[in-house]
Amino acid sequence: MIELLDGDLSPDRCLAAVRTAGAGGAVLFVGSVRDFSDGRHVTRLEYEAYEPMALEKLQQVACETTDRWPVLGMAIQHRVGTLDIGDDAVIIAVSCPHRAAAFEACRYAIDRLKEIVPIWKKEFGEGGESWVGGPETLTTTNHDPGKD
Amino acid sequence: MTSIPSESRQQVRVVLLLFAAYREIAGASRLELAVPEGSSPLDVFATLETRHPRLAAMRGSTTFAVNREIVTPTTPLREGDEVAFLQPMSGGSHD
């Protein structure tokens, strides 16, 4: 199950999608919007996706993960649109016969997602708004995008 | 690209998709462009940069997609290609 949603994500639905006979362990990762980013107070975020490519690249993340670990079930949901503090931005669920592989596979999937899936976030907060990883000339503060 | 007058060359039509900071600077999310045959995504960027000089600051960190795959910036474009400029991706949360 791979979805881009402009409404609430569902950890329950992701977990349910990967629970199968033979899966001794399922790992659920939930990434949420924090109120601070690189020492700067954040009030809300906007996520924008190149949606057709993002769906293809999310599928690629799932395929790469399934090629490397004995994955029995995998679900990814990512938000687009406006998010408030505490909202879930991304969910990944992975099930495997044993827990070690499930943890490693889930970790790989979230790291790859951040590398190859064309989704961008804009932070609104102290001092204005800026695209994370975007040009400094567009920021209204001397904000170093740093890394996630 | 500038060595041959454009009227003496075939043109190809491409669609340029703009997201995030590119969309805000250009004031558009989708542009239909006719470019000289043999033009690359980098040439398209240069053309847009002449209209929107603020794009210059983003050139070095831009990757290019054609038909939803990352390509070398100098790849020649073909009729009907979907071109996109991509800034460094920042999906997921600040976890």
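Okay, here's what the table says:
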| item | result |
| --- | --- |
| Subset of the stretch A:69-82 [within 10 Å of another protein chain (Cβ to nearest Cβ) and buried (at least 23 other Cβ atoms within 10 Å of the Cβ)] | A:H78, A:R79 |
| The stretch A:9-68, subset assigned to a loop (DSSP other than H, G, I, E, B) and away from chain B (no Cβ under 14 Å), residue nearest to B:E24 (Cα to Cα) | A:S10 |
| Residue within the stretch B:27-43 that is part of a helix (DSSP H, G or I) and modelled with pLDDT under 95 present | no |
| Residue selected from the stretch A:83-98 under the condition among the β-branched types (V, I, T) and closer than 17 Å to A:I110 by Cβ, by the criterion surrounded by the most Cβ atoms within 10 Å (Cβ to Cβ) | A:V94 |
| Residue identified as closer than 21 Å to A:Y50 by Cα, touching a His at 6+ places or on another chain (Cβ under 7 Å) and either within 14 Å of chain A (Cβ to nearest Cβ) or basic (K, R) (or both) among B:A21, B:A26 | B:A26 |
| Selection status of A:I116, within 11 Å of chain B (Cβ to nearest Cβ) and either loosely packed, with under 15 Cβ neighbours inside 10 Å or within 18 Å of A:D6 (Cα to Cα) (or both) | no |
| Residue in the stretch B:56-70 that is within 10 Å of another protein chain (Cβ to nearest Cβ), more than 18 Å from A:M53 (Cα to Cα) and touching a Phe, Trp or Tyr at 6+ places or on another chain (Cβ under 9 Å) present | yes |
| Every residue from the stretch B:1-26 that is of a type outside the set (G, A, S), exposed (fewer than 14 other Cβ atoms within 10 Å of the Cβ) and modelled with pLDDT under 95 | B:T2, B:I4, B:P5, B:E7, B:Q10 |
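The values are calculated or read from the model by the stated rules, or taken from the named source; none is laboratory data. Everything quoted here is computed from the prediction, not taken from an experiment. Because the Cβ atoms are built from the backbone with ideal geometry, glycine has one as well, and the counts that use them run over all protein chains shown.
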